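This report concerns only the one structure given below.
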Amino acid sequence: MSDATFAGIDVAKAYLDLAERPVGTHTRHANDAAGIAAICAHLQARSPTLVVLEATGGLEVPLAAALAVAGLPVAVVNPRQVRDFAKAVGQLAKTDALDAHLLARFAEVVRPEPRPLPDADAQNLSALLARRQQVLGMLVAEQQRLPTTTATLRPRVEAHIAWLRQERDELDRELRQQIRASPAWREDDDLLQSVPGIGPVLATTLIAELPELGRLNRKQIAALVGVAPLNCESGILRGRRIIWGGRARVRAALWMGTLVAVQRNPAIRAFYQRLVATGRPKKVALTAAMHKLLLVLNALLRQRIPWHDAAQPA
């Protein structure tokens, strides 16, 4: 459409840079309540086809929420996609204004699908899960540091390890309380944990970080998580297919769940052992088992049936 308008907003701690295409305008606003309100009012008057901003570790959330409440079509995109797009169009320089124009151009050319923001409960659940991952990272680091710590400092490190374990357990309790307090989440949690090998941590991760589970087809969900093998072929070259991209936190939790499933889940174990018996490397067989486990979980949530009632759910 000739009258279509596309907007890109570069989000920084202090400022919000707004660019629009095809008019090419640029304005800067403070990243505060007044600046967000001004951007929303301006864009509501313009009725853009799409507004794009990058995920910036949480800085974008207040603006994205305000745009969604204002009824504007907003897409929060992966910064890697935008960087690759910048390289493709030959934009090497980087300023806040240029980034805003690049985001507007990305919106016009790529047109990512606008997605509704998670509600407050879902955002809080995701934040708790992210904090748990941070605590686990610190706990692992301290445990690795302990053997080489001097006798003088050892009590301090041990005390920190004890505190981190207590914090991890408290976060686990809060996560489970939130899951069980929601009827919809509780039902999903029961369905997921009905699968042998799926524990509360993986179930919580899937509920918090993969709300699309059960709503997409098998190819879409595999690509979203990043477990769909990608071809590496050119001319006569036939490289190995690899998995790449997707939601790393979901994939990491799913990998750990797969390690348990190949021991405790009869269907996944048989699938894994069959691949190993045909000569596949164990890591390749585990990756394939992870892909199959994801498809099983996707099918269970789509069909709303527990594992023991499902016959070949994937």
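Values in this text are rule-based calculations from the coordinates and carry no lab data. Being a predicted model, the structure only gives us computed values, none of them experimental. Glycine gets a Cβ as well: all are built from the backbone with ideal geometry, and neighbour counts include every protein chain shown.
Please report the net charge: other residues with Cβ closer than 14 Å to the Cβ of Asp188, K and R +1, D and E -1.
Taking every Cβ under 14 Å from that of Asp188, the sum is 0.
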- Query: Per residue of the chain, what 222 nm ellipticity follows from adding -39500 (n - 2.57) for every DSSP H run with n ≥ 4, rounded to the nearest 500?
  - Reply: -19000 deg cm²/dmol
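Could you tally the net charge around Val140, taking each other residue with its Cβ under 14 Å from the Cβ of Val140, Lys/Arg +1 and Asp/Glu -1?
It works out to a net charge of +2.
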- Spin-label pair Lys94/Gln44, simplified geometry with 7 Å Cα→Cβ offset, distance in nm: 3.5 nm
- How high is the FRET efficiency from Arg28 to Glu113, r the C-beta distance, R0 25 Å, rounded to 0.05? 0.35
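Label the stretch 1-118 by shape, choosing from rounded, prolate and oblate, from the square roots a ≥ b ≥ c of the eigenvalues of the Cα gyration tensor; if a/c is under 1.5 it is rounded, and otherwise prolate applies when a/b is larger than b/c, oblate when it is not.
Verdict is rounded for the stretch 1-118.
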- Query: How big is the chain by the Kirkwood estimate over distinct Cα pairs, in Å?
  - Reply: 22.4 Å
- Percent antiparallel among DSSP beta bridges confined to the chain, nearest 5, equals 65 percent
- Item | Computed lengthening from Ala37 to Val61, 0.36 nm per intervening residue step minus Cα-Cα distance | 7.2 nm
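Label the stretch 151-236 by shape, choosing from rounded, prolate and oblate, from the square roots a ≥ b ≥ c of the eigenvalues of the Cα gyration tensor; if a/c is under 1.5 it is rounded, and otherwise prolate applies when a/b is larger than b/c, oblate when it is not.
Note, shape of the stretch 151-236 comes out oblate.
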- Message: Springs between alpha-carbon pairs under 10 angstrom, Gaussian network model over the chain: which of Arg173, Arg132, Arg249 fluctuates most?
- Response: Arg173
- Can you sort Asp190, Asp119 by how many other beta carbons sit within 10 Å, fewest first? Asp119, Asp190
- Query: Shape of the stretch 120-181 from its Cα gyration tensor (a ≥ b ≥ c, root eigenvalues): rounded if a/c is under 1.5, otherwise prolate when a/b > b/c, or oblate?
  - Reply: prolate
- Cα-based Lys pair tally, the chain, threshold under 18 Å, eight or more apart or on separate chains: 4
- Say each of Glu212 and Ala252 gets a label point 7 Å from the Cα, pointing the same way as Cα to Cβ; how far apart are those two points in nm? 2.1 nm
- Message: I'd like to verify something in the chain: which complete DSSP H helices, judged by Cα projection on the helix axis, reach 18 Å or more and average at least 0.0 on the Kyte-Doolittle scale?
- Response: 33-46, 96-109, 248-264, 282-303
- Query: How would you rank Leu43, Leu192, Leu216, Leu103, going from fewest to most other Cβ atoms within 10 Å of each one's own Cβ?
  - Reply: Leu216, Leu43, Leu192, Leu103
